[in-house]
Amino acid sequence: MAMKPSCWRVVLSMILMGLGTPNTRAQALTPSGITYTYTLEENSQTKLCEIILDLESPVAPELIEFTAFAGYGKVDKTVAVGFIAVAGKLIGADDFSQIPLSDAAFVSKTFQSKDRLDYEVRNNGSFMAATDNRGAAGDFLRAFFAGNFEIRLESREPAASSSSYAISEGPPAEAQDRFGTCVEHLISPAVSSL
């Protein structure tokens, strides 16, 4: 049975808008607001240096938290570098509903996370990618600090959707300096334990 001309227009429109096949990707969105925050978390088992990138978007998912981290495992004395991605929707003025992710990627001209990092879809709906390879870790952090990258997300909700966000600026120099100092302190105990 042949499709009517109006059906072809609908199919073509869906493909152009990124709603067609799962491999079709819409153009990257520019967030309406971004904020970078440096944090340090430590407990008896780990120490984490983090730069958190919070994005606000005019379309769903409306809020994205992308955390670049370097972590030191105190038990096994290893250092890992990577990211954690979380997405959600605003419900009302101050309420947040998390969107469970099935996939996430960091993409720049110099670094593709899919090729270089190991992945884990976490039970809490977030997505984590990391490596203990120093070369891959350094390449990822340099690309993140430089800006001009995309964050690509795939939802695992029944009506699965994908989103891509274009980030032009990297973290401010102060956050990069604090993160760098933190990482130096992580690497020292890992190296001295060899």
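The values are calculated or read from the model by the stated rules, or taken from the named source; none is laboratory data. All values reported here derive from a predicted model rather than from experimental measurement. Every residue, glycine as well, gets a Cβ built from its backbone with ideal geometry; the counts of neighbours run over all protein chains shown. Calculation scope for accessible area: heavy atoms of the full protein, side chains included, ligands and nucleic acids excluded. Shrake-Rupley method; radii C 1.70, N 1.55, O 1.52, S 1.80 Å.
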Relative contact order of the range 47-171: what whole-number percent is it, with Cα pairs under 8 angstrom and at least 6 residues apart? 20 percent
I need the phi-derived Karplus couplings for the range 28-40: 6.51 cos²θ - 1.76 cosθ + 1.60, θ = phi - 60°, integer Hz, Gly and Pro marked x. 4, 7, 9, x, 7, x, 9, 9, 10, 9, 8, 9, 10
Interchain or long-range residues, amide H under 5 Å from T30's placed H: A166
Ordering D76, D115, D103, D94 by how much accessible area each has at a 1.4 Å probe, largest first, what is the list? D94, D115, D76, D103
Ordering S155, S188 from largest to smallest accessible area (1.4 angstrom probe), what's the sequence? S188, S155
Point-to-point label distance, D132-T37, nm (Cα→Cβ direction, 7 Å offset): 3.0 nm
What distance in nm separates the simple spin-label points at E150 and K77, each placed 7 Å from Cα in the Cβ direction? 4.3 nm
For F66, net neighbour charge (Lys/Arg +1, Asp/Glu -1) across residues whose Cβ lies under 12 Å away: -3
Full-stretch length increase - S44, Q27 - with 0.36 nm per residue and alpha-carbon distance subtracted: 1.8 nm
